[in-house]
Amino acid sequence: MDIDIASVSKQGGRAYNEDVFGQWSDGRFAAFLVADGAGGHGGGDVAADVARASVLGALAASPGLARAGLRRLLEKANRDVVARQAEGGRLADMRSTVVLAVVDLRAGELAWAHAGDSRAYLFRGGEQVARTIDHSLVQQLVSSGVIDEERARSHPQRNLLLSALGAPDGAVDIDVCERMRVGGGDAVLLCSDGVWEVLGDRRLGELLRASLNPRQWIGRIDAEIRLRAAPGHDNYTAVAIWLHDDGEQAAQPLPPGSS
């Protein structure tokens, strides 16, 4: 199986960008990550960068899709962020969400793990078939039927997270999905909340179906966020991964990119 990739990461209406994204591949496994940092005076960008380096570095040393292994990656990243907090100053209160997706290109399988409200989506035939579930107060309200997904996107407490890297004593909630079969024509999107809060799940799917390749999809996402987001809006980051069967001609081959 082959993959095409496109990405965007921008500061939005903020003074600086605390989102990061990254990727790694050894030819069989391909991994993609988005982390959204938070913390006083810019410490969030450090937390997100520590998370990226920790997760992708550890994955490169021992690649695979095992649930226990993916969980250990995020647990280690949490410890690494906590260790940097000990430096004090602007780093003392830093936190970061993280979402990691790993594809086994040989077996045609996908698994993901996350903490916080950065999301992973799987689309098949242009329709959403799977998505991570946020670790947030608002997600609990949605899950209990108090509010719907549309109201959640504008809820005043939508940024109150129940899990993020940087939690002391390892008190971080991590979800790891079961392996999912994937094949040519499937698309994966990783993004920070600065994307899905503005556009919503339905619109992300509509923009996918209107696009011929991942670069066009990311371009449409970027343009619509800039059009629709309120002044001072959040950083936003998205990574689009399109899967192709071996030998299938991609609409527009794209080189990998990272931040």
Radius of gyration and maximum dimension Dmax of region 1-74, Cα, Å: 14.0, 43
D_trans [Stokes-Einstein, Kirkwood Rh over alpha-carbon pairs] for region 172-228, 20 °C, 1.002 mPa s, µm² s⁻¹: 165
Leading residue at positive end of dipole, region 179-245 (Cβ point charges), from Asn235, Gly194, Leu207: Leu207
Packing-based exposure ordering (other Cβ within 10 Å, fewest first) of Phe29, Phe21: Phe29, Phe21
Along each principal axis, Cα extent of region 2-244, largest first, Å: 47, 42, 35
For Cys191, Cys177, order by how many other beta-carbon atoms lie within 10 Å, fewest first: Cys177, Cys191
Cα point-scatterer Debye curve for region 1-136, base-10 log of I(q)/I(0) at q = 0.14 Å⁻¹: -0.65
Relative contact order (%) - the chain, alpha-carbon pairs under 8 angstrom, separation at least six: 29
Ala130 long-range amide H proximity, modeled H, under 5 Å: Leu122
Unit charges at the beta carbon, dipole of the chain: most positive-side option, Gln139, Gly185, Gly108: Gln139
Among Gln85, Gln23, Gln140: highest mean-square fluctuation, GNM of the chain, C-alpha pairs under 10 Å: Gln140
For region 1-54 and region 60-138, distance of Cα centres in Å: 11
Exposure proxy ranking, count of Cβ atoms within 10 Å, fewest first, for Glu75, Glu109, Glu87: Glu87, Glu75, Glu109
Candidates per trypsin sites (Lys or Arg not before Pro) in region 20-89, loop by DSSP, up to 15 other Cβ within 10 Å: Arg28
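Quick note: the coordinates plus some simple rules give every number you see, no bench work behind them. Since the structure is predicted, the reported quantities are computational estimates derived from the model, not experimental observations. Cβ atoms come from the backbone with ideal geometry, glycine included; neighbour counts cover every protein chain shown.
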